[in-house]
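The structure appears below as structure tokens.
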Amino acid sequence: MSDPAVHPVRPVRSPVAVGGVGGSGTRAVAEILRATGVDTGPDLNRSGDNLWFTLLFSRPRWLRGMLHGDRAPVGPGLDLFVRAMEGRLDPGPADLLHLGRATADVFRHGHNDRGDGRGTWALDRARSLLREGRRPRTAPRGWGWKEPATYLLLEALVRDLVDLRYVHVLRHGLDAALGPNTQHVETFAPLFGISADPSPRSALRYWLAANEHTERAAAELGERALVLRFEDLCSRPREEVDRLLAFLRIDAEAPERERLSRIPVAPPSIGRHRDTDLSVFDPRDVERVRALGFAVGPSRRRRRPRVRFSSALSAGSPTLSVAICTFDGERYLSAQLASIAAQRVSPNELVACDDGSTDGTLDLLRRFAADAPYPVRILEGSGRRLGPAANFGRAIEASTQEVIVLSDQDDEWRPDRLERTHDAFAEDDALALLCSDADLIDETSASLGEGLWDALATGRDRQRFEAGDPADRVQVLSERNLMTGATMAVRSAYRDLILPIPPGWVHDAWIGLLLAATARVRLIPEPLVRYRVHGEQQIGLGTPPPPARTAVIGRARHALRRMTRPERAELEREARAFGDARDRLAERAGRHPVPASALALLRDKAEHFGARARMAEGRGRWRAVRSELTAGRYHRFSRGWASAVKDLLLLDRYGTP
């Protein structure tokens with residue numbers, strides 16, 4: 001164990017850590033923390049794991065030595081991590097040496113025994129830590145992190161972080177052992193002398209050993225440790241959220257508590273062991289689960305049948321339209337329609353808008369309509385192609401139900417997408433827009449092993465969005481679009497605000513920006529869609545994201561191309577686009593109120609881009625650059641001094657279109 005006298009760690013505010021066995025529900029608790037204003041770090045994956053912590057501590061080779069007596073490395077890494085999380089990192093030689101060793105370890109071997117994280121992943125995390133760890137942060141309710149493997153380090157954390165508060169998320173062991181998440185078993189089970197075989201039997205033994213280890217380590221924390229049962233968090237969220245807030249010493253008004261209690265949602269996998277032959281487990285291990293207070297036995301209720309809105313849901317439930325747009329989508333459309341047909345809850349209608357397909361797309365839609373148990377309306381093209389944005393506008397306009405769920409033609413939906421969408425809108429009457437993460441798949445429907453949000457590196461911007469007021473959210477979305485149309489669901493009451501979609505906008509960016517300025521928007525980290533990446537996409541990723549640039553020469557060439565790329569026409573389009581957004585919000589403010597600060601931001605951004613677009617004319621360019629710098633708009637809306645120098649010298653006159 002590290003010596004606190006040698007490596008003192010005194011956080012400015014008491015940190016909170018969240019851990020548990022993989023698949024226990026730690027993601028929901030982390031989402032609650034972020035929603036309260038707790039800063040869980042700027043570099044997160046789609047599960048909310050703090051990737052700085054993963055880089056420094058979730059390393060099998062290092063953990064094996066640490067758990068077998070070599071405790072010295074914990075202190076230096078923990079000191080480095082704390083200073084980075086508090087935004088006061090000023091790395092010295094010892095810090096850089098320690099970070100370099102961790103990065104080299106993960107670069108060569110990965111952060112688990114599957115080898116995930118090898119290569120540039122580790123370099124990206126190290127760069128992120130060195131860059132973001134220097135920036136002061138002002139989280140209103142402190143800071144913390146979520147990483148399931150935190151429980152392995154509790155003994156060291158207790159000694160070195162004297163103010164630490166730890167939340168351990170505990171899920172029914174039999175359900176956890178039957179889950180698909182076998183990574184923790186394969187990586188961490190050998191630390192307890194258990195086989196890495198990802199069978200339910202080994203998974204349950206690992207679950208028992210991990211939680212018994214945590215119980216012993218948490219005893220030193222006393223009242224600074226809290227165990228949350230995932231099943232209780234889902235079945236009585238208000239009570240458990242109140243327990244969590246009291247544990248964290250966070251005062252929250254009733255509306256905030258109610259909002260936080262809507263975050264945990266029970267997955268269909270709760271209680272799955274009741275429908276499983278328990279002979280796959282060692283009977284002695286099953287008894288150990290029962291001794292921990294978990295009910296074990298066959299289901300006393302019938303398996304949940306497929307739900308139909310017409311009979312199973314209450315009359316007050318929001319009704320759903322699925323709006324799918326197609327164009328020559330024959331290759332992938334069958335898989336998407338099959339995933340819609342396999343939903344656990346069915347929509348009230350499906351509206352398909354085709355943009356002039358010349359392949360078998362329309363035939364596929366007609367065959368689907370003939371067998372669907374709900375109305376399917378097919379709107380064919382009129383001879384002139386509309387493009388994706390206008391075609392989605394037509395589909396939204398034609399949808400008749402209370403909530404409109406958008407669908408691309410080439411993805412696949414998770415079976416509970418409509419169920420989760422329905423529940424979210426039913427629980428929150430003020431919710432206007434729901435977006436989720438997505439798993440990336442290739443042309444053969446094979447997983448690419450990455451989520452859409454991770455591929456687009458949206459973690460820091462999502463945190464800014466979720467923590468901000470309407471003006472802050474507009475600022476974030478005016479810099480980059482965080483919302484993918486294939487994962488969107490929109491309340492139809494806002495149709496008059498978002499339609500028509502003006503030229504120059506992609507439909508999801510337009511919808512997200514306007515609704516974030518006027519209404520409640522929710523981003524959920526669960527991947528409810530399997531997002532297909534292929535070369536025929538009209539919009540989207542198109543191809544798997546390229547690896548990060550690591551060569552100095554490559555970065556220099558990229559910077560030179562960016563500085564000399566002609567962009568005056570693009571700036572003019574941007575000015576017009578943000579002006580359109582500002583005008584639309586101002587026109588509809590009577591029905592959809594929008595803060596004056598959000599309108600002012602859009603006005604300033606449109607004026608800034610317009611001013612930059614006109615600088616190519618040469619008249620008064622120096623005065624215009626000085627004016628925009630004085631107003632601070634180069635740094636708010638462009639790339640600061642780099643854009644100012646480009647405009648001043650008109651470097652893009654040498655670029656090639």
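The values are calculated or read from the model by the stated rules, or taken from the named source; none is laboratory data. For clarity, every value in this text was computed on a predicted model and none was experimentally measured. No Cβ is skipped: glycine too gets one built from the backbone with ideal geometry, and neighbour counts run over all protein chains shown. Please note that ligands, DNA and RNA were not included when accessible areas were found on the heavy atoms of the full protein model with its side chains. Shrake-Rupley method; radii C 1.70, N 1.55, O 1.52, S 1.80 Å.
Taking residue 140 as meeting all but one of (1) open to solvent by less than 40 Å² (accessible area, probe 1.4 Å); (2) more than 21 Å from residue 49 (Cβ to Cβ); (3) touching a residue at least 60 places away in the same chain (Cβ under 8 Å), write down the number of the exception.
Result: residue 140 passes all but (1).
Could you list all residues from the range 149-166 that are open to solvent by 10 Å² or more (accessible area, probe 1.4 Å) and in contact with a Ser or Thr (Cβ under 8 Å, 6 or more places away or on another chain)?
We begin by selecting, within the range 149-166, every residue open to solvent by 10 Å² or more (accessible area, probe 1.4 Å); these are 155, 158-159, 162-163, 165.
159, 163, 165, listed by residue number.
Anything in the range 480-521 that is closer than 26 Å to residue 639 by Cβ and either of a type in the set (Val, Ile, Thr) or assigned to a helix (DSSP H, G or I) (or both)? List them, or say none.
484, 506, 508, 509, 510, 512, 513, 514, 516, 517
Looking at the range 495-518, is at least one residue farther than 20 Å from residue 388 by Cα, open to solvent by 10 Å² or more (accessible area, probe 1.4 Å), touching a residue at least 24 places away in the same chain (Cβ under 8 Å) and small (Gly, Ala, Ser)?
Our first condition is that a residue be farther than 20 Å from residue 388 by Cα; within the range 495-518, this holds for 516-518.
Narrowing the set further to residues that are open to solvent by 10 Å² or more (accessible area, probe 1.4 Å) leaves 518.
Within this subset, residues satisfying the condition of being touching a residue at least 24 places away in the same chain (Cβ under 8 Å) are 518.
Those left that are additionally small (Gly, Ala, Ser): none.
No; the residues of the range 495-518 include none that is farther than 20 Å from residue 388 by Cα, open to solvent by 10 Å² or more (accessible area, probe 1.4 Å), touching a residue at least 24 places away in the same chain (Cβ under 8 Å) and small (Gly, Ala, Ser).
Are any residues in the range 344-367 open to solvent by 30 Å² or more (accessible area, probe 1.4 Å) and free of Cβ contacts under 8 Å to residues at least 60 places away in the same chain, and if so, which ones? Working first, answer last.
Narrowing the range 344-367 to residues open to solvent by 30 Å² or more (accessible area, probe 1.4 Å): 344, 348, 356, 358-359, 363, 366-367.
Correct list: 348, 356, 358, 359, 363, 366, 367.
Inside the range 181-198, can you point out the residues that are in a helix (DSSP H, G or I) and more than 27 Å from the chain's Cα centre (by Cα)?
From the range 181-198, those in a helix (DSSP H, G or I) are 183-192; that's our starting set.
Selection gives 189, 190, 191, 192.
If a residue has to be in contact with a Ser or Thr (Cβ under 9 Å, 6 or more places away or on another chain) and more than 19 Å from residue 587 (Cβ to Cβ) to count, how many in the range 493-519 make the cut? Please lay out each step first, then the result.
Quick first cut of the range 493-519, residues in contact with a Ser or Thr (Cβ under 9 Å, 6 or more places away or on another chain) only: 494-495, 497, 508, 513.
Filter once more, keeping what is more than 19 Å from residue 587 (Cβ to Cβ): 508.
Total satisfying the criteria: 1.
Only one of these conditions is not met by residue 560: (1) at pLDDT below 80; (2) in contact with a Pro (Cβ under 9 Å, 6 or more places away or on another chain); (3) part of a helix (DSSP H, G or I). Which number is it?
Against the list (1) at pLDDT below 80; (2) in contact with a Pro (Cβ under 9 Å, 6 or more places away or on another chain); (3) part of a helix (DSSP H, G or I), residue 560 comes up short only on (2).
Among the residues of the range 374-415, write down those that are under 16 Å from residue 511 (Cβ atoms) and out of contact with any strand residue (DSSP E or B) (no Cβ under 6 Å at 6 or more places or on another chain).
387, 388, 389, 390, 393, 397, 408
From the list 477, 523, pick out the single residue that is within 23 Å of residue 573 (Cα to Cα) and at pLDDT 90 or above. Walk me through how you get there before you give the answer.
On the way: 523 fails: within 23 Å of residue 573 (Cα to Cα).
Just a single option satisfies the conditions, and that option is 477.
Within the range 195-222, which residues are in contact (Cβ under 8 Å) with a residue 24 or more places away in the chain, of a type in the set (S, T, N, Q) and out of contact with any Leu (no Cβ under 9 Å at 6 or more places or on another chain)? Working first, answer last.
In the first step, residues of the range 195-222 are kept if they are in contact (Cβ under 8 Å) with a residue 24 or more places away in the chain; the result is 196, 199-201, 203-208, 210-211, 213-214, 217-218, 220-221.
Still in the list and also of a type in the set (S, T, N, Q): 199, 211, 214.
Hit for the range 195-222 is 199, nothing else.
Out of the residues in the range 215-229 that are assigned to a helix (DSSP H, G or I) and of a type in the set (Asp, Glu), which is farthest from residue 148 (Cα to Cα)? Give the derivation first.
Going through the range 215-229, the residues assigned to a helix (DSSP H, G or I) turn out to be 215-218, 222-224.
Next cut, of a type in the set (Asp, Glu) only: 215, 223.
Numbers: 215: 15, 223: 20 Å.
Going through the qualifying residues, I end up with 223.
What helices (runs of 4 or more DSSP H) lie completely within the range 605-657 and have 2 or more residues being at pLDDT 80 or above, within 24 Å of residue 477 (Cα to Cα) and in contact with an Asp or Glu (Cβ under 7 Å, 6 or more places away or on another chain)?
633-637
Quick check: is even one residue across the range 223-234 farther than 25 Å from residue 38 by Cβ, open to solvent by 10 Å² or more (accessible area, probe 1.4 Å) and without any contact (Cβ under 8 Å) to a residue 24 or more places away in the chain?
Scanning the range 223-234 turns up no residue that is farther than 25 Å from residue 38 by Cβ, open to solvent by 10 Å² or more (accessible area, probe 1.4 Å) and without any contact (Cβ under 8 Å) to a residue 24 or more places away in the chain.
Starting from the range 268-281, take each residue that is modelled with pLDDT under 85 and list its partners that are of a type in the set (Asp, Glu), counting only C-beta distances under 8 angstrom and pairs at least six apart or across chains.
If the second residue must be of a type in the set (Asp, Glu), the pairs left are 268/416; 269/175; 270/175; 270/231; 271/175; 272/175; 273/175.
Only residues in the range 568-595 that are free of Cβ contacts under 8 Å to residues at least 24 places away in the same chain count as the first member; pair them with residues that are assigned to a helix (DSSP H, G or I), Cβ under 7 angstrom, at least 6 apart or cross-chain, and list the lot.
The qualifying pairs are 586/599.
Can you name the helices (runs of 4 or more DSSP H) wholly within the range 59-172 that have at least 1 residues being in contact with a Leu (Cβ under 9 Å, 6 or more places away or on another chain) and at pLDDT 85 or above? Working first, answer last.
Working: elements: 60-67, 74-85, 93-109, 120-132, 154-160.
Correct list: 74-85, 93-109, 120-132, 154-160.
Of all residues in the range 47-57, which are touching a helix residue (DSSP H, G or I) at 6+ places or on another chain (Cβ under 6 Å) and open to solvent by 10 Å² or more (accessible area, probe 1.4 Å)?
Hits for the range 47-57 are 47, 51.
Can you tell me which residue in the range 242-290 is nearest to residue 172 (Cα to Cα), limited to those that are open to solvent by less than 30 Å² (accessible area, probe 1.4 Å) and hydroxyl-bearing (Ser, Thr, Tyr)?
Step by step, filter the range 242-290, then rank; the result is 269.
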